Amino acid sequence: MNRKKSSAWEGVPCLVIILLLFGGIGYVMGVSHMLNTLMQTAHDLLLNTVFYLMAVTVLTGAIGKLFIEFGVVNLLEKILRPLMRPIFNLPGVASLGAVMTFLSDNPAIISLAQDKQFSSYFKKYQFISLTNFGTAFGMGLLVMVFMMGQGFFVEPIIGLFGAFVGCMTSTRLMQRAVLKSYPHFADEQACEESFEEEDEQKSEDKSLFIRILNSLLDGGRSGVYVGFTIIPGVLIISSFVMLLTFGASADGAYTGAAYEGVELLPWLAGKISFVFEWLFGFGDPHLIAFPITALGAVGAALGLVPTFLANGWADGNSIAVFTAIGMCWSGYLSTHTAMLDSLGYRELTSKAVIAHTIGGLVAAIVAHWLYVLYAII
């Protein structure tokens, strides 16, 4: 009985916040215009952004699966392995997690971490930091290909390096935080069992053509799944963020058309615009909507980019910063809790979130100043 009363009272602040928020927006835009704008924006995002992103995920999924089938992933893992210990303070096998999450999404690191042979290489504090390490490269290929599809090449590469530095920052901060709370994790193994690595996997008796075909189709199928999973984030988060980012129509009136709004986020960002201009090089306060959206879903954040470019708000520097912070954060607020819960360390979620927030900011700052250096040269 008490539980029912408690849950009922918990709905009061929720209703108050929703009424105040949408009541304020409806007061400025008009309730009918606000509702029409939300639906028109979501509809346009579905047709012109989500389906484009889904096409990208299908292609990148096919490429990723092809890389796995023909040993490219293993080759990359061997090349990157020597960098793991000095840069990330992780065993060499962690590089496989970086490659897998780059080709797919954040949860790929969990499927690896749940493999006892993989986890046996890690101390507990290193094992826990895999959440931050893997997230920093999540959907990396999708972000890179999307930005290049907008006509940029050097900028996404600069952003990739920024994400690399942000990942190092986030991973090491998480390790320090874990050791501060649990010093004994420095010596405890994540998995006490030992395993011997297999020298070679048994090759299936399939022709080259069949292997290529299966890889492309299976990878493309997984890309379709990823494309469907980003639909809620793009439609819900992006539509709402755009409502708070853009203004009225060209003549200053509200018509209920797509991409109208109350410009609340740019107004707030304008109050401290010098901070974003110095740290990120943002020349327009509207651009702050990208990192805010990337906190929850990088797919939704990518949906903002074409509009930014069409309005002339984004430039090469913005693309580099977007790539860095989008890849490094890649929706970590919506995945960190589930990822740490699956590893069995839910109580460390707040530490992981703080470390990754700092890591994403570092990634964006590094990308900005690298782009400035690139522009000078």
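What follows is calculated from the coordinates using simple rules that are stated; it is not laboratory data. The structure presented is a predicted model; accordingly, all values stated were derived computationally and were not measured. As a convention, Cβ positions derive from the backbone with ideal geometry for all residues, glycine included, and neighbour counts pool all protein chains shown.
Things worth noting here:
- Angle in degrees between helix 2-29 and the longest Cα principal axis of the chain, rounded to the nearest 10: 60
- Packing, as the average of other Cβ atoms within 10 Å across residues, places the peptides 315-327, 177-189 in the order 315-327, 177-189, highest first.
- Peptide ranges 154-160, 305-311 listed from the most packed, as the mean C-beta count within 10 angstrom indicates: 154-160, 305-311
- Stretchable slack from ILE18 to THR349, in nm (0.36 nm times residue separation minus alpha-carbon distance): 116.5 nm
- Across the chain, the mean sequence separation of Cα contacts (distance under 8 Å, 6 or more residues apart), normalised by length, yields a relative contact order of 26 percent.
- Under 5 Å from the amide H of ASP105 lie the amide H atoms of MET139, each residue being 5 or more positions distant or on a separate chain, with H modelled from the backbone and absent for Pro and chain starts.
- On Cα atoms only, tilt of 349-376 relative to the major axis of the chain in degrees: 80
- The length gained by stretching the chain between VAL154 and LEU264 to full extension, at 0.36 nm per residue less their Cα-Cα distance, is 36.4 nm.
- Shape of segment 239-377, Cα gyration tensor, a/c cut at 1.5: oblate
- Long-range amide H partners of LYS123 with built H, under 5 Å: ALA190
- A simple spin-label model places pseudo-atoms 7 Å from Cα toward Cβ; at ASP187 and ILE272 they are separated by 4.3 nm.
- Packing rank of 12-22, 95-105, where each peptide gets the mean count of other beta carbons within 10 Å, highest leading: 95-105, 12-22
- Footprinting exposure proxy ranking of ILE109, ILE231, ILE354, fewest other C-beta atoms within 10 angstrom first, gives ILE354, ILE231, ILE109.
- Using θ = phi - 60° and Karplus 6.51 cos²θ - 1.76 cosθ + 1.60, couplings along segment 301-315 (whole Hz; Gly, Pro as x): 5, 4, x, 7, 4, x, 5, 4, 5, 5, 8, x, 7, 9, 10
- Overall, the anisotropy analysis places the chain in the prolate class: the square-rooted eigenvalues a ≥ b ≥ c of its C-alpha gyration tensor yield a/c not less than 1.5, with a/b exceeding b/c.
- Projecting label points 7 angstrom from Cα along Cα→Cβ for LEU217 and ILE377 puts them 4.6 nm apart.
- Proximal charge balance of ALA186 [Cβ under 9 Å; K/R count +1, D/E count -1]: 0
- Positive contributions from Lys and Arg (+1) and negative ones from Asp and Glu (-1), summed over other residues with Cβ under 13 Å from the Cβ of ALA136, come out at 0.
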